[in-house]
Amino acid sequence: MSNHHESPRLLSPALSKVMGYKPLIDLAQLPGNGRRIVDRHSSFNLILLGNEQFVVVDGGWDPSAKRLERFVKNQGLAMKDCVASFTTHAHVDHLGFLSVIANNKSTKVYISEAENEVLQGRAPVSGSVSKLIEKMPGIPSVVMPGLETEILSDGDVVKFDRLEVHAMALPGHTKGSSGYLFSNARDGSEVLYSGDAVDFMTNGKVRIAPGPLNDDDATNWQTVIDLPSRLISMHKDHAEIVPAHSGNSNVDTLSRAVASRMILESEIRTL
Ligand SMILES: [Zn+2]
């Protein structure tokens, strides 16, 4: 049973740093009035809409949403001001406060179809370690049957005043993993919240999640390789890329890493 207790520690912020992941910075300001909130080794994001409302991307670990509530209160807002929640994928460290948010009748919960199947309990969680983590005592369930959701597919756009959110399928980490590209007309910013599709290292390399946490490494690498050209063809070449487990980067850095196959050597063979 010991590895039940080891697994979360394997992913501690200290070890992520030793492994060379770009560090997550709590409360880091993101373009487009976004704020990253670090929750253990994962993070979620809150984007202020400027009209006393906000949206969130992912949900961290904490099902009681304490940190989110405190942050929202400090901004002079309330949880009922959350108009939308975008979930990149149905892993427990991304769903934390979804059950709290879902109680708000005013909050729309957006997710891809394949991830919604997991959330509704109709499909299994992806990745062997992820399956184990779900069974650990004290870990909240990813299954929220009956949760009212709105399905987004690749290319779908959700609009809020001067903000457009483009859903992008980023499969591999899980079948229905998605990113959400926020195009904000207020400051001209473009931010792709990419979930666990790709992580950035301090040495300029990129990596995908370790195999046992991943559904399909080959598909995940193809997603990473294709991502720069997809963003460039959407005229989003200045987009900031914000993963959940490592520091932000951008299209240039990702393009360079992909062009020179600057990925972890142990993973080259999966290409
Ligand atoms: Zn994940």
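Here is how the numbers come out for the structure above:
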quantity: Subset of region 22-38 (residues that are open to solvent by less than 50 Å² (accessible area, probe 1.4 Å) and free of Cβ contacts under 8 Å to residues at least 40 places away in the same chain); calculated: I37, V38
quantity: Filter result (within 16 Å of the ligand (Cβ to nearest atom), open to solvent by 50 Å² or more (accessible area, probe 1.4 Å) and among the acidic types (D, E)) within region 200-228; calculated: D215, D216
quantity: Of all residues in region 124-141 being outside any loop (DSSP other than H, G, I, E, B) and open to solvent by 20 Å² or more (accessible area, probe 1.4 Å), the one that is farthest from the ligand (Cβ to nearest atom); calculated: K135
quantity: Unmet criterion (only one of (1) in a loop (DSSP other than H, G, I, E, B); (2) more than 16 Å from the ligand (Cβ to nearest atom)) for L231; calculated: (1)
quantity: Selection status of L163, more than 13 Å from the ligand (Cβ to nearest atom), over 16 Å from the mean Cα position of the chain (by Cα), farther than 28 Å from K105 by Cβ and surrounded by 14 or more Cβ atoms within 10 Å (Cβ to Cβ); calculated: no
quantity: Verdict on S183 being surrounded by fewer than 19 Cβ atoms within 10 Å (Cβ to Cβ), within 17 Å of the chain's Cα centre (by Cα) and more than 13 Å from the ligand (Cβ to nearest atom); calculated: no
quantity: Test set (1) part of a loop (DSSP other than H, G, I, E, B); (2) away from the ligand (no atom under 16 Å from the Cβ); (3) at pLDDT 95 or above - A197 fails condition number; calculated: (2)
quantity: Restricting region 59-103 to residues that are farther than 15 Å from E134 by Cβ and of a type in the set (D, E, K, R), the residue that is least open to solvent (accessible area, probe 1.4 Å); calculated: D81
quantity: Subset of region 74-112 (residues that are touching a residue at least 40 places away in the same chain (Cβ under 8 Å), away from the ligand (no atom under 16 Å from the Cβ) and among the polar types (S, T, N, Q)); calculated: S99
quantity: Matching residues in region 142-168 - criterion: being of a type in the set (A, V, I, L, M, F, W, C) and outside any loop (DSSP other than H, G, I, E, B); calculated: I151, V157, V158, F160, L163, V165, A167, M168
quantity: Every pair of residues 6+ apart whose Cβ atoms lie under 9 Å, when the first sits in region 49-71 and is closer than 19 Å to G188 by Cα while the second is open to solvent by less than 10 Å² (accessible area, probe 1.4 Å) and outside any strand (DSSP E or B); calculated: F54/V72
quantity: Selection from region 146-159 of residues that are among the hydrophobic types (A, V, I, L, M, F, W, C) and either within 16 Å of the ligand (Cβ to nearest atom) or over 19 Å from M234 (Cβ atoms) (or both); calculated: L147, I151
quantity: The one condition in (1) in contact with a Ser or Thr (Cβ under 8 Å, 6 or more places away or on another chain); (2) among the aliphatic types (A, V, I, L, M); (3) farther than 25 Å from D81 by Cα that V109 fails to fulfil; calculated: (3)
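The values are calculated or read from the model by the stated rules, or taken from the named source; none is laboratory data. Just so it is clear, the structure is predicted and the values come from calculations on it, not from any experiment. Cβ sites come from the backbone with ideal geometry, for glycine too, and all protein chains shown count toward neighbours. Accessible surface areas use protein heavy atoms only, side chains included; no ligands, DNA or RNA. Shrake-Rupley method; radii C 1.70, N 1.55, O 1.52, S 1.80 Å.
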